[in-house]
């Protein structure tokens, strides 16, 4: 059985991320006590997630133990240690959404995308994530995709939204090839 650190190492691609794009952030925050969360946020903005190589680099450059950096990155749910899809689907599982059928929405999305919550589609277009609450209880059940809320939803409506996004992606890729 592998520990999380070893699993993360397996998730790393053969290409190492360009650590130099983080230099400006590290120069700004290196000597500021309590700035680790900010540095991790900015690193995630730059890379889309926090590769293990980046975490190690941050630890080294900020003179912090790697275990502490990894601990902070895994403690806060805002941080991702694996790449996410182009479209991040946040499916609310709060009380209002739950009683209004969020489980049925989840089942429909999982069947359509052929993934489980927390996973990304093989084409890297969608990541499905369950969240405790989106604060849109009047729209229950609700999901948010790239910051846009959709609700109240039925399973069929949720699947139609995904199919529409797939169609737009297909049109964009065909348009890019013909341009």
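Some notes on this structure:
- Residue match in the stretch 45-65 (condition: free of Cβ contacts under 8 Å to residues at least 24 places away in the same chain and within 30 Å of residue 150 (Cβ to Cβ)): yes
- Residue list for the stretch 126-159, filter: farther than 12 Å from residue 94 by Cβ, within 22 Å of the chain's Cα centre (by Cα) and surrounded by fewer than 16 Cβ atoms within 10 Å (Cβ to Cβ): 146, 147, 148, 149
- Among the residues making up the stretch 155-177, those that are under 23 Å from residue 104 (Cβ atoms) and in contact (Cβ under 8 Å) with a residue 12 or more places away in the chain are 155, 156, 158, 159, 161, 162, 163, 165, 166.
- Inside the stretch 119-148, residues that are in contact with a strand residue (DSSP E or B) (Cβ under 7 Å, 6 or more places away or on another chain) and closer than 23 Å to residue 167 by Cα make up a count of 12.
- Residue identified as touching a helix residue (DSSP H, G or I) at 6+ places or on another chain (Cβ under 6 Å) and either modelled with pLDDT of 95 or more or farther than 19 Å from residue 127 by Cβ (or both) among 67, 43: 43
- Within the stretch 97-118, residues that are modelled with pLDDT of 95 or more have Cβ atoms under 8 Å from residues that are in a loop (DSSP other than H, G, I, E, B) and loosely packed, with under 13 Cβ neighbours inside 10 Å in these pairs: 110/116, counting only partners at least 6 apart in sequence or on another chain.
- Just one of the listed residues (55, 50) is at pLDDT 95 or above and assigned to a helix (DSSP H, G or I), namely 55.
- Taken together, the residues in the stretch 95-111 that are under 19 Å from the mean Cα position of the chain (by Cα) and farther than 11 Å from residue 143 by Cβ amount to 1.
The values are calculated or read from the model by the stated rules, or taken from the named source; none is laboratory data. What you see is a predicted model; the values in this text were computed from it and never measured. All Cβ positions, even for glycine, are placed from backbone atoms using ideal geometry, and neighbour counts span all protein chains on display.
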